[in-house]
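Presented below is the structure to which this report refers.
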Amino acid sequence: MFDRTIPPPSKTIDYLRFSWPKAYQLKEGLPLFVLNAGNQPIIKLELVCDAGSWYEPHNGVAYFTAKMLQEGTQQKSAQDIAHYIDQYGASIQVQVQPDTCTFTLITLSKHLVPMLALLVELLLSPTFDEHP
C-alpha cells in the first residue's frame, strides 16, 4: 500500500526529444506543416485562418459564423452532416480565438478523403439558414 502522505522522489529530466514538423508550401501559396507523431492510423488536420474575433465587425460574429458552418450546406442538412461525421467515427471542431479561427478534423487515415471533402463542403457552401 502506498503512503500518500510521502511524495515520490523527484529527479531532473536529462533529455527531451521533440519531433518537429516538416514545412511545405502548397502551389496556392499556403504553408503546410506535417508532423508524424507515431504509427497509429489517425490524422489530425488543423486549418488555421486569420479570421478570429479581432476581425469581426460586431462581438460574436466570428464565433457564431464558425458554429453555423455545421448547420447545413447546399447539399447536406445539419442532421446529414452529423450522421456523416458519426458514420466515419470522425470529429470536426471549430475554435475561434482573438486572431485566428481553427478548424480541426480528426479521422482515421483511411477516411481522410471523404472527411476532407466534407470539411471543404462546410467551408465553401454553407447555407446559414435562419431556421435549420
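Here is the figure for the range 1-56: residues that are under 30 Å from P98 (Cβ atoms) and acidic (D, E) total 4.
Close Cβ contacts (under 6 Å, 6 or more residues apart or on different chains) running from residues in the range 40-65 that are farther than 27 Å from A90 by Cα to residues that are of a type in the set (V, I, T) and in a helix (DSSP H, G or I) are absent.
Quickly run through the range 48-101 and pick out the residues that are among the aliphatic types (A, V, I, L, M) and crowded, with 16+ Cβ neighbours inside 10 Å.
Correct list: V48, A51, A62, A66, M68, L69, I81, I85, A90, I92, V94, V96.
A residue that is outside any loop (DSSP other than H, G, I, E, B) and within 24 Å of A66 (Cα to Cα) occurs nowhere in the range 16-26.
Among the residues of the range 86-127, those identified as within 19 Å of S53 (Cα to Cα) and not in a strand (DSSP E or B) are Q97, P98, D99, T100, L123.
For first residues located in the range 111-132 and free of Cβ contacts under 8 Å to residues at least 40 places away in the same chain and surrounded by 14 or more Cβ atoms within 10 Å (Cβ to Cβ), partners that are assigned to a loop (DSSP other than H, G, I, E, B) and of a type in the set (F, W, Y) and lie 6+ apart or on another chain with Cβ distances below 6 Å form the pairs H111/Y88; M115/Y88. When A78, A51, A82, A90 are checked against the criterion of being in contact with a helix residue (DSSP H, G or I) (Cβ under 7 Å, 6 or more places away or on another chain) and either more than 30 Å from W20 (Cβ to Cβ) or aromatic (F, W, Y) (or both), A78 stands alone in meeting it.
All of (1) surrounded by fewer than 10 Cβ atoms within 10 Å (Cβ to Cβ); (2) more than 25 Å from K110 (Cβ to Cβ) hold for G38 with one exception: (2).
Throughout, read-outs are computed from the coordinates displayed, never taken from laboratory work. Note that the coordinates shown come from a computational prediction; the quantities given were computed from them, not determined experimentally. We place every Cβ from the backbone using ideal geometry, glycine too, and count neighbours over all the protein chains shown.
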